[in-house]
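The values are calculated or read from the model by the stated rules, or taken from the named source; none is laboratory data. The structure displayed is predicted, hence computed values, not measured ones. Glycine gets a Cβ as well: all are built from the backbone with ideal geometry, and neighbour counts include every protein chain shown.
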Amino acid sequence: MNDVATAEAYPAIRARHLWHRYGNKEVLHDVAFDVHQGEIFGFIGPNGAGKTTTIRIMATLLEPMAGRVEIDGIDVTMEPEQVRKLVGYMPDHAGVYERITVREYLEFFADAYRVPSLGVVGAVLELTDIGNLQDQLVVTLSKGQKQRLGLARILLHDPKVLILDEPASDLDPRARIEIRDLLLDLQSLGKTILLSSHILSELSDVCTSVGIIEQGRMIVAGPINEISDRLAAQQAAQAHGHEPAPQDGVAQWQAPPGFAPGAAAGTAPVQAIVPVPPPGPPQPQRQGLKLRVLGDPGAAAYSIQGGPGILDVQVVGPVVQVGYIGGDDKVAQIVSHLVSRNIGVVGVEQERNELERIFLEATRHSASQRAKP
Ligand SMILES: Nc1ncnc2c1ncn2[C@@H]1O[C@H](COP(=O)(O)OP(=O)(O)OP(=O)(O)O)[C@@H](O)[C@H]1O
Ligand SMILES: [Mg+2]
């Protein structure tokens, strides 16, 4: 458990055994996860995976058919009014009233939330860096500015937990970076943030924990460093022929009657927070490196390809990306190998996309299932 988790009385968000259907279509299948206080949790999944459905449950707008969500220890179904005070929810396609000014818009919502608009509106304008736009009509704002206004609105009542459904979709790169920086500022103010996306790179810079959902099933969830460690431990256990231990808090549960087609009522398989990898030899830990060289990167790639400990080599624009097994000594070997071939190395950067690695590892099993006829 991490430091944040041990210090907290309750997780900021705790979801357990969520099931939901629209008509005959099962949309959530035993979804469970925790978001610890102070985390930025990236909720990742392809279109239609069930992110918005889960988010609407957390935001008290949809009652799940089974299971429960607690925000800061308070049950969303039993005490929705209390939960709404704790949560700032930004939907995926929020409309805004356009024919009023930015300040009027925020004052309107401050009144609706019964917070004293004097002072608070100024504070959120400053926090979201749209103070210079306060007298502009909302209709004249760019998408990025409207998104900041949306964030300003949900901050008015000073919620502890922010739930943002695809806050960066449709934004240009600069606006995305600005939103990302704003989220980090909000985290430093003590907010817990859950944001959904189907774009990994959007989340990899900010998230401290993730949940990956596919077809209504949470296939992996938790702090990124814990998931990495668990995946590594699981791979080691596989190598020694041991089964991984069940996860805390989510293992001993049985499906409600009528759910889990194909399983007898009450005997559905338990949710595994980390997927069980298919049997096979243990996967060595791949490391990644980005190299910039003088001259033709293709020649450099050719020279490295197939060397000891080299897993894969790709040329991406001017960069040579190398997957390898080993530590710093291997990096030094690669560089000196290139130099010995008269290829000047002008940049060496360790690839640190832990999230991407987790995602590929976690979805490996479901991807292979999909590939089956
Ligand atoms: N009101 C509804 N009535 C019927 N089906 C719905 C409804 N809302 C969502 N669905 C279906 O439920 C599934 C999950 O939808 P959801 O909106 O939760 O996915 P999502 O992960 O948010 O996807 P996206 O990335 O496209 O926003 C989809 O198959 C969707 O078609
Ligand atoms: Mg959605």
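Any residue that is away from ligand 2 (no atom under 16 Å from the Cβ) and either touching a His at 6+ places or on another chain (Cβ under 8 Å) or in the same structural domain as L151 (by TED's automatic domain parsing) (or both) - is there at least one of those in the stretch 41-58? Don't jump to the end; show me each part of the working.
At the first step, the residues of the stretch 41-58 found to be away from ligand 2 (no atom under 16 Å from the Cβ) are none.
Checked against the condition, which is being away from ligand 2 (no atom under 16 Å from the Cβ) and either touching a His at 6+ places or on another chain (Cβ under 8 Å) or in the same structural domain as L151 (by TED's automatic domain parsing) (or both), the stretch 41-58 yields no hits at all.
Would you pick out the residues in the stretch 28-45 that are buried (at least 24 other Cβ atoms within 10 Å of the Cβ) and near ligand 1 (Cβ under 10 Å from one of its atoms)?
Within the stretch 28-45, L28, F43, I44 meet the criteria.
On the given criteria, is D170 under 20 Å from the mean Cα position of the chain (by Cα), at positive phi, among the acidic types (D, E) and not in a helix (DSSP H, G or I)?
Working: under 20 Å from the mean Cα position of the chain (by Cα): yes; at positive phi: yes; among the acidic types (D, E): yes; not in a helix (DSSP H, G or I): yes.
The answer is yes for D170.
Using the structure shown, decide if R21 is among the charged types (D, E, K, R), without any contact (Cβ under 8 Å) to a residue 60 or more places away in the chain and within 20 Å of I219 (Cα to Cα).
Working: among the charged types (D, E, K, R): yes; without any contact (Cβ under 8 Å) to a residue 60 or more places away in the chain: yes; within 20 Å of I219 (Cα to Cα): yes.
Yes; evaluated as a whole, the condition is true for this residue.
Return only the number of the condition from (1) buried (at least 17 other Cβ atoms within 10 Å of the Cβ); (2) closer than 30 Å to T140 by Cβ that H93 does not satisfy.
(1)
Here is a list of conditions, (1) touching a helix residue (DSSP H, G or I) at 6+ places or on another chain (Cβ under 6 Å); (2) away from ligand 1 (no atom under 16 Å from the Cβ); (3) of a type outside the set (K, R), and N132 meets all of them except one; can you say which number that is?
So N132 meets the others, but not (1).
Given the criterion under 25 Å from Y113 (Cβ atoms) and not in a loop (DSSP other than H, G, I, E, B), identify the matching residue among G150, G211.
On the way: G211 fails: under 25 Å from Y113 (Cβ atoms).
Among G150, G211, only G150 is under 25 Å from Y113 (Cβ atoms) and not in a loop (DSSP other than H, G, I, E, B).
So, in the stretch 183-200, of the ones that are within 16 Å of ligand 1 (Cβ to nearest atom) and not in a loop (DSSP other than H, G, I, E, B), which residue ends up farthest from L151 (Cα to Cα)? Even if it seems obvious, please write down each step before you answer.
So the first thing to find is which residues in the stretch 183-200 are within 16 Å of ligand 1 (Cβ to nearest atom), and the list is 194-200.
Pick out the ones that are also not in a loop (DSSP other than H, G, I, E, B) and you get 194-197, 200.
Numbers: L194: 13, L195: 12, S196: 15, S197: 16, L200: 21 Å.
Checked the stretch 183-200; the qualifying residue farthest from L151 (Cα to Cα) is L200.
Mind telling me which of the residues L200, L182, L118 ends up being more than 29 Å from G73 (Cβ to Cβ) and buried (at least 16 other Cβ atoms within 10 Å of the Cβ)?
Working: L182 fails: more than 29 Å from G73 (Cβ to Cβ); L118 fails: buried (at least 16 other Cβ atoms within 10 Å of the Cβ).
Going through L200, L182, L118 in turn, just one is more than 29 Å from G73 (Cβ to Cβ) and buried (at least 16 other Cβ atoms within 10 Å of the Cβ): L200.
Hey, any hits in the stretch 44-52 for a residue that's of a type in the set (V, I, T) and farther than 23 Å from A9 by Cβ? Break it down into steps so the answer makes sense when it comes.
The initial filter retains those residues of the stretch 44-52 that are of a type in the set (V, I, T), namely 44, 52.
When the remaining residues are screened for being farther than 23 Å from A9 by Cβ, the result is 44, 52.
Yes; the residues of the stretch 44-52 include at least one that is of a type in the set (V, I, T) and farther than 23 Å from A9 by Cβ.
Taking the condition of being acidic (D, E) and over 25 Å from S188 (Cα atoms), how many residues in the stretch 106-138 meet it? Break it down into steps so the answer makes sense when it comes.
First, pick out the residues of the stretch 106-138 that are acidic (D, E): 107, 111, 126, 129, 135.
Still in the list and also over 25 Å from S188 (Cα atoms): 107, 111, 135.
Residues flagged as acidic (D, E) and over 25 Å from S188 (Cα atoms) within the stretch 106-138 amount to 3.
Give D170, D205 a once-over and let me know the one that is within 15 Å of ligand 1 (Cβ to nearest atom), of a type in the set (D, E) and surrounded by fewer than 22 Cβ atoms within 10 Å (Cβ to Cβ).
Working: D205 fails: within 15 Å of ligand 1 (Cβ to nearest atom).
Being within 15 Å of ligand 1 (Cβ to nearest atom), of a type in the set (D, E) and surrounded by fewer than 22 Cβ atoms within 10 Å (Cβ to Cβ) holds for just one of D170, D205, which is D170.
Evaluate the following for G88: is it surrounded by fewer than 19 Cβ atoms within 10 Å (Cβ to Cβ) and either under 25 Å from the mean Cα position of the chain (by Cα) or free of Cβ contacts under 8 Å to residues at least 60 places away in the same chain (or both)?
Values: surrounded by fewer than 19 Cβ atoms within 10 Å (Cβ to Cβ): no; either under 25 Å from the mean Cα position of the chain (by Cα) or free of Cβ contacts under 8 Å to residues at least 60 places away in the same chain (or both): yes.
No, not satisfied.
Let me confirm something: among I163, I177, I193, which residue is buried (at least 22 other Cβ atoms within 10 Å of the Cβ) and either of a type outside the set (A, V, I, L, M, F, W, C) or away from ligand 2 (no atom under 16 Å from the Cβ) (or both)?
Values: I163 fails: either of a type outside the set (A, V, I, L, M, F, W, C) or away from ligand 2 (no atom under 16 Å from the Cβ) (or both); I177 fails: buried (at least 22 other Cβ atoms within 10 Å of the Cβ).
Among I163, I177, I193, only I193 is buried (at least 22 other Cβ atoms within 10 Å of the Cβ) and either of a type outside the set (A, V, I, L, M, F, W, C) or away from ligand 2 (no atom under 16 Å from the Cβ) (or both).
To keep it simple, each residue is scored yes or no on (1) hydrophobic (A, V, I, L, M, F, W, C); (2) away from ligand 1 (no atom under 12 Å from the Cβ); (3) not in a loop (DSSP other than H, G, I, E, B).
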site: E26; (1), (2), (3): no, no, yes
site: N47; (1), (2), (3): no, no, no
site: I57; (1), (2), (3): yes, no, yes
site: M78; (1), (2), (3): yes, yes, no
site: K85; (1), (2), (3): no, yes, yes
site: G95; (1), (2), (3): no, yes, no
site: E98; (1), (2), (3): no, yes, no
site: E104; (1), (2), (3): no, yes, yes
site: D111; (1), (2), (3): no, yes, yes
